[in-house]
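What follows is a short report on a single structure.
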Amino acid sequence: MNRFKKGHISVAVVCAVLGFMISLQFRISMEQKASLPYQRLEELSSRLLDVERERDKLQEKLSALEEAAEKGEANSLSDQKASEILRQRAGLVAMEGPGVIVLIDDSRLKSKAGDNQNLYIIHDDDLLRVVNELRAAGAEVISINGQRIIATSEIRCAGPTLSVNNVRSAPPYEIHAIGDAATLENALKMRGGVMETLAVWGIQLEIQASENVEVPAYKGTTQYQYAKPAGGGAS
């Protein structure tokens, strides 16, 4: 940004000098008319030509500075836009758009004698199946109970609760997914799919389409402690 500020200052200086030269040219023309009988015409003509040459040089310099300033600002805006796109793709920006809100809760059915009680409660692999199905159906961004799912997110059991991004939460679980609502809903409701499988054990799964689904930004750390680009690929 300092480079662009200096460019604008240079443009201002050139404009001031150019104005002075034009003013000087005008004064010389006036002097030529007022003192023509007392001065040699050749001398006045020479002075006027010198001023005109200097004016033309300053005009060229002004045009070059203005063009450089415009290119510099355009490059700066382009860099800012690219940076914002990268932040969005990294999950560091809150997003909103059409999609679905999926509510998942433990079963309310009474377990039968001899049944495994764990089959009636939600586990990490249940959430993973839902998230993977949504991703496969084209979900662009996803969150679980307000935790943004990114490349490094984990979904795992933590005692009676589940941990997402090292943040524990208990059922019910609310999944927000932005994408084509009809496609996302059909992916979960397909025959033999996630919803039908969970329903066998009474796991509750409700899908609500919405025109404005909100997904928060990722709030965890994004810095690598041990990993670095292989082969010096980044400078």
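The values are calculated or read from the model by the stated rules, or taken from the named source; none is laboratory data. Please read all numbers here as calculations on a predicted model, not as lab measurements. With ideal geometry, Cβ positions are generated from the backbone for all residues, glycine too; neighbour counts draw on all protein chains shown.
Some values worked out for this structure:
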quantity: 1 or more residues within 15 Å of V100 (Cβ to Cβ): qualifying strands (runs of 3 or more DSSP E) within the stretch 125-229; calculated: 141-144, 173-178, 204-215
quantity: Every pair of residues 6+ apart whose Cβ atoms lie under 9 Å, when the first sits in the stretch 188-210 and is in the same structural domain as Y120 (by TED's automatic domain parsing) while the second is crowded, with 16+ Cβ neighbours inside 10 Å and among the aromatic types (F, W, Y); calculated: W201/Y120; G202/Y120; I203/Y120
quantity: The stretch 155-201 - residue that is of a type in the set (D, E) and within 17 Å of I121 (Cα to Cα) and, of those, modelled with the highest pLDDT; calculated: E174
quantity: From the options S143, S153, S169, S163, residue that is surrounded by 16 or more Cβ atoms within 10 Å (Cβ to Cβ) and in contact with a Cys (Cβ under 8 Å, 6 or more places away or on another chain); calculated: S163
